[in-house]
Amino acid sequence: MELDQIDYQILRLLVENSRMQWKELGEQIHMTGQAVGNRIKKLEESGVIKAYSLIVDEIKLGLTLTAFVIIKMKTPNHDAFIHFINGRDEVIEAHRISGEGCFHLTIKVSSQDQLNLFLNKLLDHGNYSLNLSIQKMKQNSPLA
């Protein structure tokens with residue numbers, strides 16, 4: 001699907017507030033709510049819009065530690081590791097990477113003890129290096 005400027009305007013507004021009504025969106029970009037709704041449906045059907053999400057304040061949930069982990073696998077068969085991380089709530093993001101290591105994980109936990117328990121289980125799959133976040137500086141959508 002080829003996007004035009006109106007599609008990008010709709011996406012930017014939805015990134016700011018995905019709960020915005022079609023009518024309100026239309027008012028901001030000078031279209032009817034129905035026309036905006038049709039464009040949104042096309043964006044969803046084509047896969048440009050994959051899902052709508054909720055941003056939660058992790059600190060208010062008690063998830064005070066953010067860790068970034070690089071995994072160097074013990075074996076070329078990564079299926080068991082992928083199964084392991086898919087079953088762990090601590091892992092909020094995982095990427096297969098090039099360069100040093102095989103995978104990059106972002107972990108959110110409530111305590112040092114919880115992090116240590118996770119890291120001990122991670123050793124079954126490979127060695128790791130660990131960095132802890134001390135301050136979140138920026139979070140943007142590619143459309144912002």
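The values are calculated or read from the model by the stated rules, or taken from the named source; none is laboratory data. Please read all numbers here as calculations on a predicted model, not as lab measurements. Note: ideal-geometry Cβ built from the backbone for every residue, glycine included; neighbour counts use all protein chains shown. Note: areas computed on protein heavy atoms with side chains; ligands, DNA, RNA excluded. Shrake-Rupley method; radii C 1.70, N 1.55, O 1.52, S 1.80 Å.
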Notebook entry, point to check: Going highest first, how would you order 105-118, 49-62 by mean Cβ packing within 10 Å?
Noted result: 105-118, 49-62
Next item on the list: State the number of lysine pairs found in the chain whose Cα atoms come within less than 22 Å, restricting to pairs 8 or more positions apart or on distinct chains.
Entry: 14
Notebook entry, point to check: Going toward the positive end of the dipole of region 1-104, with +1 on Lys and Arg Cβ and -1 on Asp and Glu Cβ, which of SER18, VAL69, LEU54 do you reach last?
Noted result: VAL69
Next item on the list: For the chain, take the alpha-carbon Rg, divide it by the Kirkwood Rh, and send me Rg/Rh.
Entry: 1.10
Item checked: Kirkwood-based shape ratio for region 67-134, expressed as Rg/Rh from alpha carbons -> 0.92
Next item on the list: May I ask you to evaluate 6.51 cos²θ - 1.76 cosθ + 1.60, the Karplus curve with θ = phi - 60°, for each residue of region 113-128 and list the ³J(HN,Hα) values in order in whole Hz, giving x for glycine and proline?
Entry: 4, 5, 5, 4, 4, 5, 4, 4, 6, 5, 4, 5, 9, x, 8, 9
Note to self: Given a 1.4 angstrom probe, I'd like the percentage of the accessible area of the chain that is carbon and sulfur, rounded to a whole number.
What the structure shows: 50 percent
Checklist line | For the chain: accessible area per residue (Å², 1.4 Å) | finding: 71 Å²
Check: HN-Hα J couplings of region 130-139 from phi, Karplus 6.51/-1.76/1.60, θ = phi - 60°, integer Hz, Gly and Pro as x?
Finding: 10, 10, 9, 6, 10, 6, 7, 9, 7, 8
